Structures are given as structure tokens and as C-alpha cells.
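Taking it in order: structure first as C-alpha cells, then the write-up.
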Amino acid sequence: MSMTHHAEPAVTTPPAPGRKESDGRTKQRPLALRLLARPEVGVFLGAVAVYVFFLIAAPPVRDGSSMANILYQSSTIGIMALPVALLMIGGEFDLSAGVAVITSALTASMLSYQLTMNVWVGVVVALLVSLGIGFLNGWMVVRTGLPSFLITLGTFLILQGVNLAVTKLITTNVATDDISDMDGFGQAKKIFASSFDVGGVQVKITIVYWLVFAAIATWVLLRTRYGNWIFAVGGNKESARAVGVPVTFTKISLFMLVGFGAWFVGMHQLFTFNTVQSGEGVGQELIYISAAVIGGCLLTGGAGSAIGPVFGAFMFGMVQQGIVYAGWNPDWFKAFLGVMLLGAVLINLWVQRTATRR
């Protein structure tokens, strides 16, 4: 007689409720480290430190009018630093950005004055010239495959020479003539170089433009397809092209955005001072690039933000005016900026390594 044995089903006792073990790969990093991984956080902390330093070292900084001057100085740097930062995220440089500002102002001023035309004609032509310079830079970079450093260095030298030579040829001077009595000047000044009262303090309109442009640039980078294209071409343009990103359009349009920024700042300078010195602008491109780098934009492209350069420009404006308010020798300004640039780059590097460490 055979007996059949039926196996009892295995019963697995559920583990007692408690904390789940983690192998470290899925563990969420603390909020502080996640914040430090953002490229703009390091420069924000640096901007706060510089601000506090000058609050202590330069008591006049505490005055409302002094802060308005600091923000104004920051805005003239920041408006150009924004498109320069976008271009750097896209993996390119523009060393002609500083002299392109003067080229734009000279074009509007001399065209309007010499032809006795409404200044708005000069403004529009200057816009077309600035966009054309940006297009030419971008087109040459894309078509030749040469580094944008070399292409725009050539453009920088060309524009520097043209600015001086053409101004002397037309005006027999190194500066343009005063256009403050020409038709349309008052309207243009209200748009590009006006100020308004806030609590008894005169605030320049460029501060508003600076913040509005920063908000638009942030939205474009984070919320639009074009923003994705910028990061993609800056990270690896061949991979970006393989997935359908219009690399040529993206790069050329970024150079044209720098041209637009140069036009806008050039119009502000023209309608603020009524005249333009043709030899100015040299060296400003380094300040724009430095503000972007301090703001967290990588020199290799593919990473950065629009908010970081806002704080970078503020640090530059704070230092430039803070040295004056502290009564120090202004000759130390560039040395201070160099130290600040190196310090900010090292701090950003340390912060990012700390934030990504498991």
C-alpha cells in the first residue's frame, strides 16, 4: 500500500515593519547638497559675502542712492552677460562683445548726425548692423569649424580698428558729435536711458530691463525647446545633430542674441552721454565672460544658468562701486576682480564636487 505525501505550501513570514535598508544608490541626497549642485547657488553665496563685506568696509553703501548706483553699474554689465552666458552654455565664445557695443552706438550716432535724420533711423540701422555682426560670427564658426575664440578675436580686432578709423574719418575726432538736439532723441532717451523715482531714490530703467531679460532667459532655458537645444549643442553638437537638433540655427541665433545685447547696451550709452568715444569697449568682453563664468557657466559648454550671471554681474558692480565708496585706490579694481574670478571658480568647483559626492 503506497502512501502519497502532499507538500505543504511554503509560508513566508512578512518582515516586521521598520526602516528599509538602502544600498546607497537610491538614497536621496540631503536638500542642502541638492541645492549646492545648482550652478547659481555658489555665486549667490559669494554675492552675499561681497555685499556684507562692503556694507562693513564702506558705510556709504548702506544709503539707498548708493545701492541704486551699484545696481545700475551691475545692470550695464548684466544685460550683456546674459546673452554671453547663453552663448557659453551653447559651447561658444564671443570676444567681440565689448567693442560691438561701441560699434552699435557709433553707427546710430554718426548715421543720424551726418545725414541729419531722426535718431530712430540710426537706432534701427544700428540694430541691423549688430545682428549682422552676430550672424557673421555664428555663420563663420559653423561653416569653418574653427574655434569661436579665433573667429571672434578676428572680429574684435576688425571692429576695434573700424571704430577708431571711421570715426576719425567722418568726425575728424575720436568721439562722435552731440545728438541731444536731434529729432527723436527725447523719445529714445526715455526708452533706453530714463530713470524713475522710488522712495526719493532715482533708479535707472536699465535695472528693470536687466531683471526682465534675466527672467525671460531663465524661462527660455528651462521651459522651451530652444533652451533644450542650447544645452544640447553645448554638451555635444554631433549627438545633438543626430537627434534632430538644428545645430546651425541654434549657434547662429545665439551669436545674434549677443549682437542684440550689444545693440541695447550701445543705445543706452549713446542716449545717456549723447556722444560716444570710439576707443572704448576694449576689455569689456572679459568682464561679460567673467560674470558668466562666476555665475556657473562652464567654459566647455553644456551647463549653466541665466540666474547665475545676474549674481555675477552684481558682484562686479558691487566691487566697482564699493571700492569708490570705501575710498580705496580704484587702480586695484581689476586686481580685485581677478582674485574674485579665481576664488569664485575654485569655490564653484569645490561646491559641485561636494554636492555630487555620495
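The values are calculated or read from the model by the stated rules, or taken from the named source; none is laboratory data. Small disclaimer: the values here were computed from a predicted structure and weren't measured. Here the Cβ is made from the backbone with ideal geometry for all residues, glycine too, and neighbour counts use every protein chain on show. Remember, those area values only see protein heavy atoms, side chains included, never the ligands or the DNA or RNA. Shrake-Rupley method; radii C 1.70, N 1.55, O 1.52, S 1.80 Å.
Structure above, values below:
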item: Residues of the stretch 127-164 classified as modelled with pLDDT of 95 or more and farther than 18 Å from Ala97 by Cβ, total; result: 0
item: Top-ranked residue in the stretch 199-210 [being surrounded by 15 or more Cβ atoms within 10 Å (Cβ to Cβ) and among the aliphatic types (A, V, I, L, M); ranked as farthest from Ile79 (Cα to Cα)]; result: Val201
item: Filtered residues of the stretch 267-284 (kept if surrounded by fewer than 22 Cβ atoms within 10 Å (Cβ to Cβ) and within 12 Å of Ala100 (Cα to Cα)); result: Gly279, Glu280, Val282, Gly283, Gln284
item: Pairs where the first residue, in the stretch 136-154, is in contact (Cβ under 8 Å) with a residue 24 or more places away in the chain and the second is open to solvent by 30 Å² or more (accessible area, probe 1.4 Å) and among the polar types (S, T, N, Q), C-beta under 6 Å, 6+ apart; result: Val142/Thr248
item: Condition check for Ala240: at pLDDT 90 or above, hydrophobic (A, V, I, L, M, F, W, C) and not in a loop (DSSP other than H, G, I, E, B); result: no
item: Candidate set from the stretch 291-303 (those that are under 11 Å from the mean Cα position of the chain (by Cα) and part of a loop (DSSP other than H, G, I, E, B)); member that is surrounded by the fewest Cβ atoms within 10 Å (Cβ to Cβ); result: Gly296
item: Tally of residues being surrounded by 21 or more Cβ atoms within 10 Å (Cβ to Cβ), closer than 26 Å to Thr103 by Cβ and hydrophobic (A, V, I, L, M, F, W, C) across the stretch 230-251; result: 1
item: Options Leu71, Leu86, Leu45; residue that is of a type outside the set (Phe, Trp, Tyr), farther than 25 Å from Gly199 by Cα and at pLDDT 90 or above; result: Leu86
item: Scan of the stretch 77-95 for residues that are assigned to a helix (DSSP H, G or I), more than 16 Å from His268 (Cβ to Cβ) and open to solvent by 10 Å² or more (accessible area, probe 1.4 Å), ordered by number; result: Leu86
item: Failed item, numbered, when Glu40 is tested on (1) surrounded by fewer than 24 Cβ atoms within 10 Å (Cβ to Cβ); (2) over 15 Å from the mean Cα position of the chain (by Cα); (3) not in a loop (DSSP other than H, G, I, E, B); result: (2)
item: First in the stretch 32-52 and within 20 Å of Ser74 (Cα to Cα), second anywhere and modelled with pLDDT under 65, Cβ under 6 Å, 6 or more apart; result: Val41/Leu35; Gly42/Asn348; Gly42/Val351
item: Meets criteria (free of Cβ contacts under 8 Å to residues at least 60 places away in the same chain and open to solvent by less than 30 Å² (accessible area, probe 1.4 Å)) for Gly227; result: yes
item: Residue check, Phe53 aromatic (Phe, Trp, Tyr), open to solvent by 30 Å² or more (accessible area, probe 1.4 Å) and modelled with pLDDT under 85; result: no
item: Breaking point among (1) over 17 Å from Gly266 (Cα atoms); (2) more than 28 Å from the chain's Cα centre (by Cα); (3) in a helix (DSSP H, G or I), for Asp183; result: (3)
item: Residue among Val124, Val203 that is in a helix (DSSP H, G or I) and either closer than 24 Å to Val84 by Cβ or not basic (Lys, Arg) (or both); result: Val124
item: Selection from the stretch 304-337 of residues that are assigned to a loop (DSSP other than H, G, I, E, B) and either under 18 Å from Phe54 (Cβ atoms) or open to solvent by 30 Å² or more (accessible area, probe 1.4 Å) (or both); result: Ala326, Gly327, Trp328, Asn329
item: Search result, residues across the stretch 151-198 that are closer than 30 Å to Gly64 by Cα and either in contact with an Asp or Glu (Cβ under 8 Å, 6 or more places away or on another chain) or open to solvent by 20 Å² or more (accessible area, probe 1.4 Å) (or both); result: Ser180, Gly186, Gln187, Lys189, Lys190, Ile191, Ser194, Ser195, Phe196, Asp197, Val198
item: Qualifying position, being in contact with a Phe, Trp or Tyr (Cβ under 8 Å, 6 or more places away or on another chain) and among the β-branched types (Val, Ile, Thr), among Thr275, Thr176, Thr224; result: Thr176
